[in-house]
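The values are calculated or read from the model by the stated rules, or taken from the named source; none is laboratory data. Note that the coordinates shown come from a computational prediction; the quantities given were computed from them, not determined experimentally. Please note: Cβ atoms are built from the backbone with ideal geometry, for glycine as well, and neighbour counts cover all protein chains shown. Side chains included, ligands, DNA and RNA excluded: accessible areas come from the protein's heavy atoms. Shrake-Rupley method; radii C 1.70, N 1.55, O 1.52, S 1.80 Å.
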Amino acid sequence: MFLKRIELAGFKSFADKTEMEFVRGITAVVGPNGSGKSNISDGIRWVLGEQSAKSLRGGKMEDIIFAGSDARKAVNYGEVSLTLDNGDHVLPLDFNEVTVTRRVHRSGDSEYFINKQSCRLKDITELFMDTGIGKEAYSIIGQGRIEEILSTRSEDRRGIFEEASGIVKYKSRKKESVRKLDETEQNLLRIHDLVTELEDQIGPLKEQSEKALKYKELKEQLKRKEISLYVYQIEQIHGAWSEANEKLEKLKEEQLALSTVVSAHDAKLESDRSALRQLEDEVETIQNQLLQFSEAFEKSEGYGELLKERRRNLERTREQLSQSVDTGDSRLTERQEELARMKDKLAALQTELTELRDQLSAEEAKLVGVTGGISQQQEESLKGNLLELMNQMAQARNEIRYADQQQEALERRMNRAREESGKWDVQKEELLRRKEQIDRSVERFGKEIAELRSGYITESERYQSLQKLLDESQGALRKWEQKREAQIARRDTMKEMQDDFDGFMLGVKEVLKASRKSALQGVHGAVAELIRVPEKLELAMETALGASVQHIVMENEAVSRQAISFLKQRQLGRATFLPLDVIRPRHVSPSDRSMAEGEAGFVGFGSELVQYDPKYSNIVGSLLGNVVIAETLEQANKIAARFQYRYRVVTLEGDVVNAGGSMTGGSHHKKKQQPAWPQTSAGSAGPGNCRDGKADRQAPPGNRTGSRPNDRVPG
């Protein structure tokens with residue numbers, strides 16, 4: 001057996017992953033002071049189980065992790081792997097090559113692996129017992145170690161010689177055996193005390209036994225009586241059951257009849273609803289009619305005012321006509337009187353004319369008779385009288401003709417006045433009839449308007465209430481629309497973050513992006529994308545999974561190696577890969593399962609509390625198969641104690657009882673980042689949301705990890 005290889009990553013000054021090959025013979029590491037030569041022996045001592053930070057030249061265990069420099073960032077964990085040739089099978093393992101790995105995170109969590117299988121520190125210590133290899137063995141001698149060995153007491157030096165002689169294992173077994181013998185002696189003393197105490201209880205127990213026998217006899221009698229009573233009660237209950245069945249049948253018939261009635265009522269209700277909708281339509285129609293009637297009423301009022309004005313004009317015209325008729329009548333009377341006078345005068349003139357004519361005839365006769373006897377002077381005088389009489393007669397005729405003309409004109413005016421008076425009377429009667437019709441229409445419209453106004457007021461109140469309800473509904477709708485827009489904005493933001501794989505490590509992000517672009521094949525996705533976690537279990541699952549939420553599930557080892565090469569060639573960071581053909585699930589024994597189910601505060605096993613596609617059952621079983629979820633830390637302690645601290649127990653608040661009994665917990669710092677996994681309810685948790693209180697993160701066997709020294713791994 002000899003040391004073949006040592007790999008250091010993030011350990012002290014080895015920020016980059018460093019691998020050293022050792023061949024048979026002597027291998028020397030040389031370099032100036034401060035170059036890190038002693039860090040190699042410290043790494044070997046540490047991977048073999050050294051627990052003292054002072055022995056590793058540090059103040060605390062986190063000091064061995066590369067803390068960063070001006071040129072590069074600090075890393076989140078330190079890891080050392082030691083590979084030994086076991087061809088001679090000095091180590092009790094069926095492998096020709098044994099690799100021991102130890103990893104520590106900045107949170108203080110440590111992980112141990114033998115050939116990439118998770119194990120305990122005790123397993124590593126027992127593996128190297130009596131092989132000369134160990135943290136205190138003679139195989140590792142540092143600066144000043146020889147002087148320290150020679151100057152110490154003989155009792156201290158004895159351990160080195162015992163290790164060299166190969167009896168440490170047996171002495172360890174002897175100590176274990178002595179401890180067990182001491183425990184056995186203590187148990188025997190306890191048993192002796194119990195026997196002594198039980199001997200004192202034999203007498204009382206005998207009396208109790210007799211009482212118990214009497215009790216059993218009485219109980220048997222009671223049982224028979226109770227059976228008889230139960231038989232009687234069963235008969236009574238059967239009768240009651242038969243009656244109840246009959247009543248049930250009647251009730252079913254009644255229910256059927258009632259169902260028919262209910263159906264009829266439902267039909268009536270539907271018809272009433274239809275009628276209500278029709279009434280609403282009619283109300284709307286009436287509202288429109290009300291509007292039309294209001295407009296018609298306004299027009300009618302205007303037309304009524306116009307008619308009133310016309311009526312007043314007609315009355316004024318009638319008064320004027322009456323006055324004109326009265327004036328005409330008076331003038332007609334005057335004209336008639338004047339005509340009568342003129343007729344009297346005409347008669348007098350005609351009489352006078354007749355007389356004059358008679359006189360003229362007489363005078364002419366006289367004149368003829370006495371023509372010779374009339375002087376020229378007398379003849380001229382007579383002619384003058386005759387002309388004067390003729391002029392008077394002509395004037396009288398003219399006056400008579402003018403009086404006739406005046407009478408005819410007055411008669412024509414009277415006829416026209418009588419015609420116009422009849423026309424105005426007809427028009428007046430027509431206007432009165434129209435006024436009565438308009439008054440009746442106004443009265444009818446007034447009643448309709450009053451009814452419509454009452455209905456309008458009722459509908460206005462209903463409309464206002466509906467409008468108020470509508471405003472409230474619109475306000476609520478606006479609030480919900482604002483919430484919906486906010487949710488849509490948040491969804492879009494989350495989708496952008498999800499599409500960009502925000503919150504994932506650089507290496508994980510690049511692999512997922514490459515798989516989306518078909519640059520890498522066989523990528524199923526990150527663990528966070530493949531499981532769905534209930535809201536109340538988010539914190540517990542974050543704690544239980546830790547950095548495993550960003551592990552990438554791959555189809556097989558071949559595509560995993562291709563993904564690692566992809567990261568190395570492009571210097572894109574690190575990622576952990578879980579090949580489906582390699583990963584095997586962890587299980588809890590049926591006895592432990594039944595024991596856990598009976599404990600208070602037991603929620604379930606991690607792999608059974610999340611949802612996932614059945615083809616990922618090995619992955620989920622490997623990560624969460626032996627993780628127990630409890631409600632509180634106190635209950636978690638009790639459950640872990642029942643399991644003898646073989647499993648990790650995680651509480652709903654993110655506290656952890658680790659395998660072995662150590663506890664991890666504290667406050668949680670929430671970060672607003674992208675959700676890590678799909679969920680069965682509201683709420684999210686992302687890879688960047690890993691909270692304090694994380695448990696030991698044991699990587700499942702078969703992981704494949706890419707390489708980049710300064711890439712961060714969430715701790």
Fill in the blank from the handout: By the mean-Cβ-within-10 Å protection proxy, highest first, 10-18, 49-57 rank as 10-18, 49-57
Problem - Whole-percent carbon and sulfur share, accessible surface of segment 548-657, 1.4 Å - result: 45
Practice task
Calculate, for segment 548-636, the solvent-accessible area per residue in square angstrom, rolling a 1.4 angstrom probe over the heavy atoms of the protein chains.
Solution key: 43
Completion exercise
So, over other residues within a Cβ distance under 13 Å of GLY36, counting Lys, Arg +1 and Asp, Glu -1, the net charge is +1
Problem - Modelled label reach - ALA67, point 7 Å along Cα→Cβ, segment 1-28 residues with backbone N closer than 12 Å - result: 12-13
Practice task
Starting from the Cα of LYS483, step 7 Å along the direction of its Cβ; do the same at LYS343; then give the gap between the two resulting points in nm.
Solution key: 11.1
Problem - Theoretical FRET efficiency, 1/(1+(r/R0)^6), r = Cβ-Cβ of GLN611 and GLU496, R0 30 Å, to 0.05 - result: 0.75
Problem - Accessible solvent surface per residue of segment 1-59, calculated while the other protein chains remain in place, 1.4 angstrom probe, Å² - result: 54
Problem - Neighbourhood charge, 12 Å Cβ-Cβ cut-off, centred on GLU226 and excluding it, Lys, Arg +1 and Asp, Glu -1 - result: +3
Exercise for the section: Within the set of other residues whose C-beta is less than 13 Å from the C-beta of ASN187, count the net charge using Lys and Arg as +1 and Asp and Glu as -1. Expected result: -1
Handout entry: segment 505-542 and segment 561-576: distance between their alpha carbon centers, rounded to Å
Key = 16
Practice task
Find how much the distance from THR327 to ASP123 grows on full extension, using 0.36 nm per residue of separation minus their present alpha carbon separation; answer in nm with one decimal.
Solution key: 58.5 nm
Problem - Ordering of 78-91, 104-117, 580-593 by burial proxy (mean other Cβ atoms within 10 Å per residue, highest first) - result: 78-91, 104-117, 580-593
Exercise for the section: Give the peptides 540-549, 68-77, 174-183 in descending order of average Cβ contacts within 10 Å, highest first. Expected result: 540-549, 68-77, 174-183
Exercise for the section: Using a 1.4 Å probe over the heavy atoms of the protein chains, calculate the carbon and sulfur portion of the accessible area of segment 38-116 as a whole percent. Expected result: 48
Exercise for the section: Extending each Cα 7 Å along its Cβ direction at TYR645 and ARG179, get the distance between those two points in nm, one decimal. Expected result: 1.1
Practice task
Whole number in Å², please: accessible area per residue of segment 193-241, 1.4 Å probe, ligands, DNA and RNA not counted.
Solution key: 95
Completion exercise
Percent relative contact order for segment 556-632, counting Cα pairs under 8 Å at least six residues apart, stands at 35
Exercise for the section: Could you check how much of the accessible area of segment 418-496 is carbon and sulfur, as a whole percent, using a 1.4 Å probe? Expected result: 53
Handout entry: Computed E for LYS219/LYS536 - FRET, C-beta separation, R0 51 angstrom, nearest 0.05
Key = 0.60
Fill in the blank from the handout: Once TRP241 and LEU279 are pulled to full extension, the length gained, defined as 0.36 nm per residue separation minus their Cα-Cα distance, is 8.4 nm
Problem - Per-residue HN-Hα couplings for segment 238-246 [Karplus 6.51, -1.76, 1.60; θ = phi - 60°; Hz; x = Gly/Pro] - result: 4, x, 4, 5, 4, 4, 4, 5, 4
Problem - Mean shadow area of segment 484-585, taken as a quarter of the surface of its Cα convex hull (nm²) - result: 7.7
